[in-house]
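This report refers to the structure that appears directly beneath it.
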Amino acid sequence: MHDQVEDAFTVRVMLPDCHSRLFLASHACVWTGLRLLLQGNEPAFMTDVYSTLNAFVSEDRHRLRSREIAYAAIRDAILRGAFEPRERLVEERLGEALQISRTPVREALAILEHEGLIESIPYKGLMVRSITVDEFLNMYEALGVIEPPIAAAAARNATPRDIEIMTAILDQAAAAIPHDVPGYLAANREFQVNLGRCANKPFLTRMLLSIEERSDMYLIYTHHQLPADKMLAAVEDRRTILQAVARADADAAAAAAAEHGEAIRVRWRDLYPAEQEH
């Protein structure tokens, strides 16, 4: 559904509708960029995330309300790593990029702030939220509590077609390893969506997805290199859950989900021991 969008931007230029121009660039490019701006030229290699935002708009936008279009596009752009950490989200520019008015954009941003994907910084405005390593690791404690009852309920309700769909999603996640980290994470979230749908536990599923989204933001926005073996191990954990669901074994599905929560927490703890706050 989504086109590829660059995950990293070395240079960012903002040109508001006023006489002044604000140039934000990496340290290595700052003097070159300033010289080009003072000469009235914009760097040819500049990438503006707003110009790519339409890539995240749903193909069936004609059936959606403007707020839903804005919410889905901005949310997906954040979860694909299109924005920089602490990048200011400007209502007017978002609306122009999505070809909708500022009011539904404002409403969408309010929802995203409530969900913890963005935050309001005094005197700066709304920005992509930064997730600390301790927050990231603690999220998996909650995952180990929430996912088992979802898996158990799914084992009681899943149909053969559900199993087929979730198997294909996990195959998609595995195929994204190791180079497409956002795609890998998105496929794993899609698995959780379908597991929750089978379980018919929308409240728990929404909590689970909120945890997944914010933990994925940490992995994307800290630009860590994720080892392929650990990525694949997480997929195999979910295959074990799915196998139990396919057997309609609720106890085994719950146990596999609990083991997955603990295992992935240990994997990521091993990755970033020096970054944990004490």
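The values are calculated or read from the model by the stated rules, or taken from the named source; none is laboratory data. Just so it is clear, the structure is predicted and the values come from calculations on it, not from any experiment. A quick note on method: Cβ atoms are made from the backbone with ideal geometry, for glycine too, and the neighbour counts reach across all protein chains shown.
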Can you say whether ALA244 is within 19 Å of THR167 (Cα to Cα), of a type outside the set (Ser, Thr, Tyr) and not in a helix (DSSP H, G or I), as far as the supplied structure shows?
no
Scan the stretch 68-100 for residues that are modelled with pLDDT of 85 or more, within 19 Å of the chain's Cα centre (by Cα) and either among the basic types (Lys, Arg) or assigned to a helix (DSSP H, G or I) (or both) and report the count.
15
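If you scan the stretch 152-187, which residues turn out to be of a type in the set (Ser, Thr, Tyr) and buried (at least 17 other Cβ atoms within 10 Å of the Cβ)?
So in the stretch 152-187, the residues of a type in the set (Ser, Thr, Tyr) come out as 159, 167, 184.
Within the stretch 152-187, TYR184 is the sole residue that qualifies.
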Reported set for the stretch 188-230 where residues are over 19 Å from LEU112 (Cβ atoms), surrounded by 21 or more Cβ atoms within 10 Å (Cβ to Cβ) and of a type in the set (A, V, I, L, M, F, W, C) is PHE191, LEU195, CYS198, ALA199
Can you tell me which condition VAL133 does not meet? The list is (1) surrounded by 17 or more Cβ atoms within 10 Å (Cβ to Cβ); (2) under 21 Å from ILE111 (Cα atoms), and all the others hold.
(2)
Cβ-Cβ under 7 Å pairs, at least 6 apart or on other chains, the stretch 84-97 side within 13 Å of ALA73 (Cβ to Cβ), far side in a helix (DSSP H, G or I) and among the β-branched types (Val, Ile, Thr)
LEU94/ILE74; LEU94/VAL105; GLY95/VAL105
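Name the residues in the stretch 203-221 that are hydroxyl-bearing (Ser, Thr, Tyr) and either in contact with a Ser or Thr (Cβ under 9 Å, 6 or more places away or on another chain) or not assigned by TED's automatic domain parsing to the domain that holds ARG269 (or both), would you? Give the derivation first.
Within the stretch 203-221, the first condition is being hydroxyl-bearing (Ser, Thr, Tyr), and the residues that meet it are 205, 210, 215, 218, 221.
The answer is TYR218, TYR221.
For the stretch 156-195, how many residues are in contact with a Gly (Cβ under 7 Å, 6 or more places away or on another chain), of a type in the set (A, V, I, L, M, F, W, C) and touching a residue at least 60 places away in the same chain (Cβ under 8 Å)? Quick ask: steps written out before the conclusion?
Narrowing the stretch 156-195 to residues in contact with a Gly (Cβ under 7 Å, 6 or more places away or on another chain): 176, 182.
From the residues that got through so far, the ones that are of a type in the set (A, V, I, L, M, F, W, C) too are 176.
Imposing the further condition that a residue be touching a residue at least 60 places away in the same chain (Cβ under 8 Å) reduces the set to none.
Residues meeting the conditions: 0.
Going by the conditions given, is ARG206 under 19 Å from VAL145 (Cβ atoms) and without any contact (Cβ under 8 Å) to a residue 12 or more places away in the chain?
Values: under 19 Å from VAL145 (Cβ atoms): yes; without any contact (Cβ under 8 Å) to a residue 12 or more places away in the chain: yes.
In short, yes.
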